[in-house]
Structures are given as C-alpha cells and as structure tokens.
1. With the structure loaded, tell me whether B:ALA14 is more than 10 Å from DNA strand C (Cβ to nearest atom), surrounded by 19 or more Cβ atoms within 10 Å (Cβ to Cβ) and more than 8 Å from every other protein chain (Cβ to nearest Cβ) or whether it fails that test.
2. Would you mind stating whether A:ASP49 is modelled with pLDDT of 90 or more, more than 15 Å from DNA strand C (Cβ to nearest atom) and of a type in the set (D, E, K, R)?
3. Taking the condition surrounded by fewer than 22 Cβ atoms within 10 Å (Cβ to Cβ), free of Cβ contacts under 8 Å to residues at least 40 places away in the same chain and out of contact with any Ser or Thr (no Cβ under 7 Å at 6 or more places or on another chain), does B:ASP140 pass?
4. Determine whether A:ARG92 is within 16 Å of DNA strand C (Cβ to nearest atom) and either assigned to a helix (DSSP H, G or I) or at the interface with another protein chain (Cβ under 10 Å from one of its Cβ atoms) (or both).
5. If I ask for residues that are among the charged types (D, E, K, R) and under 26 Å from B:HIS101 (Cβ atoms), which ones from segment B:122-147 would you list?
6. Pull out all pairs, ordered by first then second residue, where Cβ-Cβ is under 6 Å, the residues are six or more apart or on different chains, the first lies in segment B:52-64 and is facing chain A (nearest Cβ under 7 Å), and the second is among the polar types (S, T, N, Q) and more than 7 Å from DNA strand D (Cβ to nearest atom).
7. Please enumerate the residues belonging to segment B:97-113 that are within 12 Å of the chain's Cα centre (by Cα) and facing another protein chain (nearest Cβ under 10 Å).
8. Looking only at segment B:182-197, which residues are outside any loop (DSSP other than H, G, I, E, B) and either in contact with an Asp or Glu (Cβ under 8 Å, 6 or more places away or on another chain) or closer than 22 Å to B:SER236 by Cα (or both)?
Number of protein chains: 2
Amino acid sequence: MPEQSPGSRPTLEAVAARAGVSRATASRVVNGGDGVRKPLVDKVLQAVDELGYIPNHAARTLVTRRTGAVAVVIAEPEIRIFSDPFFSQQIRGISKELTAHDTQLVLLLVEGPGDFDRIARYLSGGHVDGALAFSLHTDDPLPAITRRAGIPTVYGGRPSWTADPGDQAVPYVDADNRGGARVAVQYLRDLGRERIAHIGGPPDQTSAMDRLDGYRDVLIDVDPTLVAEGGFTVESGARAMAELLERRPDLDAVFVANDLMASGALRVLRERGIAVPEQVAIVGFDDMDGVAEETDPPLTTVNQDIEGQGRLMARLLLRGLDRDRTGNGSAPDSVITPTTLVRRASA
Amino acid sequence: MPEQSPGSRPTLEAVAARAGVSRATASRVVNGGDGVRKPLVDKVLQAVDELGYIPNHAARTLVTRRTGAVAVVIAEPEIRIFSDPFFSQQIRGISKELTAHDTQLVLLLVEGPGDFDRIARYLSGGHVDGALAFSLHTDDPLPAITRRAGIPTVYGGRPSWTADPGDQAVPYVDADNRGGARVAVQYLRDLGRERIAHIGGPPDQTSAMDRLDGYRDVLIDVDPTLVAEGGFTVESGARAMAELLERRPDLDAVFVANDLMASGALRVLRERGIAVPEQVAIVGFDDMDGVAEETDPPLTTVNQDIEGQGRLMARLLLRGLDRDRTGNGSAPDSVITPTTLVRRASA
DNA sequence: CACAGGGTTGAGAGCGCTTCCATTCGGTGC
DNA sequence: GCACCGAATGGAAGCGCTCTCAACCCTGTG
C-alpha cells in the first residue's frame, strides 16, 4: 500500500504521466478500459497501483452528472423507525443491493414537518441520483418534492394515495398483504374455525388495510364485532385481544395483522387460560425474526421477505436510473412480493 | 416556484447575468454575501429566486475540497444494529446535529469482513469529510483505515483498545458507565442490601466492562459467585438471573448492566414469586425508552442521554473538521457524558 | 485639487475529470 | 507496394464553482 503523500492525492494526470500515456487514455482505463490496447491498460493499471490513485469523485460527478448515491428518506415521525426490525431489515436489503452496485446510501431522516424544505433542497441539489422512501400518508409532501426535483423515486410499501394494490402511478415494492391475509384466513377456515376474528393495524397504513381487505375477501359479511383495531405494537395487540374476548367470548380463531400484536394477544390468552390453538387458533403476519418463533406457542404466521423487498426497491431504482442514462428499457413497474404461510403451533 | 427548465439547471453564470453582476459577486452572495453592497446582494438574491438556482454541489466540492457529508460506519455484525434502540437513538442524535450544520449522513453498513475494503476505498475517495463509528472490538480494522485515509473520526463508545476510560488517543463519546454503575451499587448498599449481585454484559464490550468495574469499585473483594454474565438481551438476563438464584439464593439485590437484561431478570423473579424490591432490589442501566418504565415493577435504573451522545459525536467531529479548515482550535477531546440514577419502584 | 487608502467588483485561473474530435496507427485489398 | 479504413490514441474543451489578484470607485486628507 503506497503511503499517502502529504496533502494532495495523485490525480489522473499523474497516473497518465507515470504510465506514459495521455490523460484521456488513463481515464479510459480507469473506467473499464474499453478500446485501449492491452499493454497500455496494464501500464496504466500499474501506475494506478503504484501511486495509490483514487478517482476524485466530485470531479467525476461534475462532468458525468451522476453522483453514485441515492437517498433513503425516512419520514416516519414515530420513534419506531429504527427500532422497528421491519425498517432495519429493509435498510439492510437496500444497503446490500446498493453496495453491490457501488452506490452509496445517504440517509435523510425527517425529524419534523419543517425538514421537508431541507429535504427538498437536498434532493434538488444534485447530491443523489435517486431516492427511496417508505410508505407515506396521504398528504405526504415527498412525492411532490421528488417529482419537482426530477428525482426518480421508489417507495417501500404501497403509498396510501394509490387507488389499489398494483396501481402503477408510482413505482413501489410491497408484500402481497391482501393475498397473504387471504391465505391465512382461509387456512383458519379450513381448520374448521367458524368465528374468526381479526386484530388489525392502524388504518392509516396501507399494509394494515390490505390485510384487513384480505380477511374480508374470505369472510364476506363478517360481523364487525369480530374486528378490533391495534397499533402494530405488542401492547395494542394485547389490548385488542382483551377487547375481542369481551365482545365475542365465543371466537375460535384470530388472524392478527402482525406478529408483534399476535404476541400480545397470545399473552392475554395465556393469562386467561385459553388454550392455543385448541380453543383459539392464532395466525400472525410478518414472520418476524426473534418474535414468531419465540412466542408460546410458536406462531403460525405469514412470511414475507423484508430484506428482499429492500433489495428490490434498490434494484428497481437502479434499473430506472440506468434507463434514464442509456435511454432504453421501460419505466419501472411496481412489484408485489409473494407471501407464504408458515405453519407453527399456534394454528 | 419557478418551473424547472427542461434538462439543465441554472448555473451561477446565469444568476450573475440576470443580476447584472460578475460570477464572482454572485458566488459571494450565495455564500453569505460578505463584502458585497446591499443593493447588489438583493439583486443577486432576486435572480437566484427567479431562476430557482441551486448550487451544484460537485462543482463546489471540487474546488473547496469539502463534501459536506460525513460517513456513519456501522460495523456490528449482529442483526441488533438497527433493532437496537440504542443505535437508533444515537443515529437520531447524529442526524439532528448534522442536519443543523447542513451536513449529510452517509450510511456505511458493514455486512461482512470483505466490506472493509470497500469502506476503505470509499473513505479514501473523498466522498466524506469525516466519519463516525461505533464501539469497536480490539482487532477492528477501521481505525487503521480512517487513519490511513486521513479521515477524522469520532467513535461512539470507548474503543476497546483504549487503555482506560478517558484515554485520549482517539476521540470518542461514551457515557460514564463506571461512575453510573458506582452510583447504582452504592444506592443499593445505602438501602441496606448486603449481598448485591451483578448481571454483566458481554465482556468484549467496553460498556459492559466499565459497568462491572464500577460495581467492583464499590464492592471490593466481591464474591465471584455474585457475578453472572449476560448478553445484553432479555433472554440472557433471565438466564443469568436464574443462574444467580441457584448459586446464591440469599442475594438481596442485583445491579443489572442494562435494562433489557433487567426486564428478563424481573420476569424470572416474578415467576418464582420473589418480591421486588422487598426481597430482591433491582437496578438496571440505560433507562431505555419503552422498557424501564414498562416493567413490573417499574425499573430503577441509570439514565444516560443516548441521543445526546449521538449529537455530541457529531458535534465533536464537526468541530474537528472546522479546526482542520480554519487551522485554529485544539484537537477534539473525548467526552464522557454524565449518568444519573432514576429511582422507580424496583429498588 | 491631487493623492492615499480602504472597500467593492470583475477577470480569469484553475479544481480533476470525461469526452468530442482530430490525429495517428496498424492492417487489408487491390 | 500504395491507397484506404477502422481502431487506438492524444489534444483540448469544458463541467460549475471558488478565490486570488488586479482594477476600480469613493471618501477623506494634505
């Protein structure tokens, strides 16, 4: 490893000089070496090595107009953002995919409503080539910002302003929430359960709504007393379970919209001595690491590949950027990733 | 808001032309306007506004040699990284501080050992002005990388190769783990507890070791059977508690190295019908949101300002960068942030 | 009334890189 | 052996910005 000369790093100019070629040729080699004869390629590469040359990113960006970075905008006002393993896995997937394409991840956390101005400025400033953002509420200013800034953006989770799952107005990646819910509820039904309740997530999240829709797809004309609303947290799940038991002591199954709430529900059932799955069968959603397998009893749930969704978001975006650059290929479509039922002991 | 002309954004040149000044003057105004007479300032500002001018970041970086971005390197191989509220809060603090200084956060996740090469290349590539990294294990290659790349770096948590808390070889921010532990244990002692056990964290984390040292500071010559080792998780805390009860059924207090383990310990005590705090008093560490207040009974614990630590890390780094630029000020020192005992019901 | 001097402004030189375009090179067909 | 053609190479023009330095203006002073 060549020591870093004090102060200035070697430039392409220096490499070219050392290799005895022009700056243009050196540049070609550094960028893949197409159309340069082998011996010259080798000479340049050697010079790069000897000098410890590293391209100056700013100079390159200045002329290519590409930054090699994408923004990940997280606008969740909640604290949950990072604590939520959901996000964490998604980010992991994004990071892996970006890394594989030599693209950097710039994290933009929105702390308050005033931050959107800053975000807008940043996105417009040519700092990044594209953006990834997470499921948004109806009045979220982000789409307008990215559109105005001309920044290609892929969303994680169906944005709430899209009419239906599959809506193509804006590219997004989401799990097949509705289909997964359908399979889960159908499974409970096939088990012979007749009074299948549902603990849903917050109605302003499309994933919660889609899962509820899936539940309703199977149980048309379901009695509203069988549906309770939670907040995707353990506590809210426990509360909703207690509420359901009060309203409908006769229920014999619950499809819970996520594993966290399901674990809360299980706790309540255990406390009341209600046997799972004998008296009440439970199916969760997410197949969350460190939760679904650890509950008592282990949770039957709907698996979705969260990290894969992250990867997919990144891949979609990168593909779109590539298309912008090369001018060929079609606009990225949204992707709905499959879900699968994982049978454990709770149902 | 001016519509974005198709393709190219307006340049400083355009702004200057519109305002009827030279590019140099326009540049001065955009960068604060020092030494430019009021009327000209206004004209330029108006032109900026009308054109919707946004400075080209790459061009600016090319000449100033500052990127306005810092890397946050997260090298935890564990999944815990993001799920851990600890990190999440720290990142929040970092993000807030950076944002306040118009600096961007580039997230570098290390997925495997091979990634260090990529990280090294990135840090050397002049993409960022500095780096923030989290508590490292002894053989972590990161310090060497940042040193060679000449990238100022501030660490979160005392790096394990530093001899002692307070070691100034490398700037870091850490809570006063040892002092906090001392206060906690002393408190238990003042309560009249005589057999105070300890559930420690993993020995390769300095925070765990420092807390253990604090415990030992108060309880010199403590019986080793009173000390059990956990892994900073709920489950490991429960296991350690069970182990301690087996070894020392006579214990009357436990200082637990973090709240997560403390909640596991509480569960075990509850299951065995041991009254807290009457029979066994418990003190945790971290005062973790959503944990310490929610346990049964609520946890007496040592509070540390995690988000504040994040802010401080960023501030230290930014100050260092500023110093590098202006050439005055002293090298950043490490900072140990204070901890305070929060009395709740468990002790 | 000329001149010194501080404060403003503009001209222009780069920052390091990519890429167009002209040039040169090596080889082929006649 | 020569014209000719595609491929390889080099020269040079910027990309958009900052910043030095020289030119300029104006005021105050001798």
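1. No; evaluated as a whole, the condition is false for this residue.
2. On the way: modelled with pLDDT of 90 or more: yes; more than 15 Å from DNA strand C (Cβ to nearest atom): no; of a type in the set (D, E, K, R): yes.
So A:ASP49 does not fit the description; no.
3. So B:ASP140 does not fit the description; no.
4. Here the answer is no, as A:ARG92 does not meet what is asked.
5. Matches in segment B:122-147: B:ASP129, B:ARG147.
6. Once the first residue is facing chain A (nearest Cβ under 7 Å) and sits in segment B:52-64, its partners that are among the polar types (S, T, N, Q) and more than 7 Å from DNA strand D (Cβ to nearest atom) give B:ILE54/A:SER124; B:ALA58/A:THR61; B:THR61/B:THR67.
7. Correct list: empty.
8. Just the residues of segment B:182-197 that are outside any loop (DSSP other than H, G, I, E, B), to begin with: B:182-190, B:196-197.
Hits for segment B:182-197 are B:ARG182, B:ALA184, B:VAL185, B:ILE196, B:ALA197.
The values are calculated or read from the model by the stated rules, or taken from the named source; none is laboratory data. None of the values given here were measured: they were computed from a predicted structure. Backbone-built Cβ (ideal geometry, glycine too); neighbour counts: all protein chains shown.
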